[in-house]
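Take a look at the structure below.
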Amino acid sequence: MKKIAIILSGCGVFDGSEIHESVLTMLAINRAGAEYTIFAPDIEQYHVINHITGEEMPESRNVLIESARIARGNIHKLTEYKPSKFDALIFPGGFGVAKNLCTFAFDGADCSVDPRISKAILSTVEMNKPIGALCISPALITKVIGEDLEVTIGKDKETAEGIEKMDGVHKLTDHGQVIVDEKHKVVTTPCYMLDATIGQIADGAENIVKIIMQMI
């Protein structure tokens, strides 16, 4: 059975992993006949957002512990990730990617990336294994890889410009569409970077997993 690693960035669209994208990615992997293992960095998240009001809350939370909510407790520290044990790696979206795994939400193209995340991405690329990225995650992958990496985040002009400044090549896409960078084996889809329904998110997750399974 093929094994796919998933890296989460917390729990909740505004300060962690996008829950729909995360769960539907797991479902797509399962329905494709593969199995997944979930990882997250053991770090404090940038801030905590009230998902009703959108306001910042006066508390702190841990990315690993919050991600464990989505993983139902079955989660591993990112430092345990070894690409040699997996066939592919996938990053669901959510602002946690741009706030906790890197600083793209605040610094745009000048962002920094958590070194543990950079190591996970680069070590996977070095082993010539596919990487999938949903929603805002392609910005993170572009910052780490660069090299004219072809990706999509849909149609958001500002984010697309940031990707271009990081030596990426952005491709406009609509719901469920997937861009494949054959050279680096990176597969991306826009998901909630577009105004999407949960069904359209499922389409994106299924399509990205389908292509990754073909690449494995």
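The values are calculated or read from the model by the stated rules, or taken from the named source; none is laboratory data. Since this is a predicted model, take the numbers as computed values, not measurements. Note that we place each Cβ from the backbone using ideal geometry, even for glycine, and neighbour counts take in every protein chain shown. Surface areas here come from the heavy atoms of the whole protein model, side chains and all, with no ligands, DNA or RNA. Shrake-Rupley method; radii C 1.70, N 1.55, O 1.52, S 1.80 Å.
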Using modelled backbone amide H atoms (1.01 Å from N, in-plane), which distant-in-sequence or interchain residues come within less than 5 Å of Val186's amide H?
Ile131, Asp181
Mind ranking Arg72, Arg61, Arg31, Arg116 by accessible surface for me, highest first, 1.4 Å probe?
Arg72, Arg31, Arg116, Arg61
For Rg and Dmax of the Cα atoms in Å, pick the label among [x] 17.3, 60; [y] 15.3, 45; [z] 16.2, 54 that corresponds to the value derived from the coordinates.
[y]
As a percent rounded to 5, the proportion of antiparallel DSSP bridges among beta bridges in the stretch 71-195 is 25
Figure the gain on full extension for Ile52 and Ile65 (residue separation times 0.36 nm, minus the Cα-Cα span) and round it to one decimal in nm.
2.6 nm
Estimate the FRET efficiency between Asn128 and Lys77 by the formula 1/(1 + (r/R0)^6), using the beta-carbon distance for r and 30 Å for R0, to the nearest 0.05.
0.75
Quick one: check the C-alpha center-to-center distance for the stretch 127-143 versus the stretch 77-98, whole angstrom.
10
Accessible heavy-atom area order of Ser17, Ser60, highest first, probe of 1.4 Å:
Ser60, Ser17
Can you compute the FRET efficiency between Lys85 and Ala105 using 1/(1 + (r/R0)^6), with r the Cβ-Cβ distance and R0 = 30 Å? Round to the nearest 0.05.
0.45
Rounded to 5, percent antiparallel among DSSP beta bridges of the chain
25
Between the stretch 169-216 and the stretch 2-46, how many Å separate their Cα centres?
15
The chain: calculated mean residue ellipticity at 222 nm from DSSP helix runs of at least 4, using -39500 (n - 2.57):
-10000 deg cm²/dmol
DSSP-assigned coil residues among GluC sites (Glu not before Pro) in the stretch 19-55, each with at most 12 further Cβ atoms within 10 Å:
Glu55
Can you give me the solvent accessible area of Lys165 with a 1.4 Å probe, rounded to the nearest 10 Å²?
150
Quick check: at a probe of 1.4 Å, how many percent of the accessible area of the stretch 1-88 sits on carbon and sulfur atoms?
49
On average, how much accessible surface per residue is there in the stretch 62-121, in Å², for a 1.4 Å probe, leaving out ligands, DNA and RNA?
45
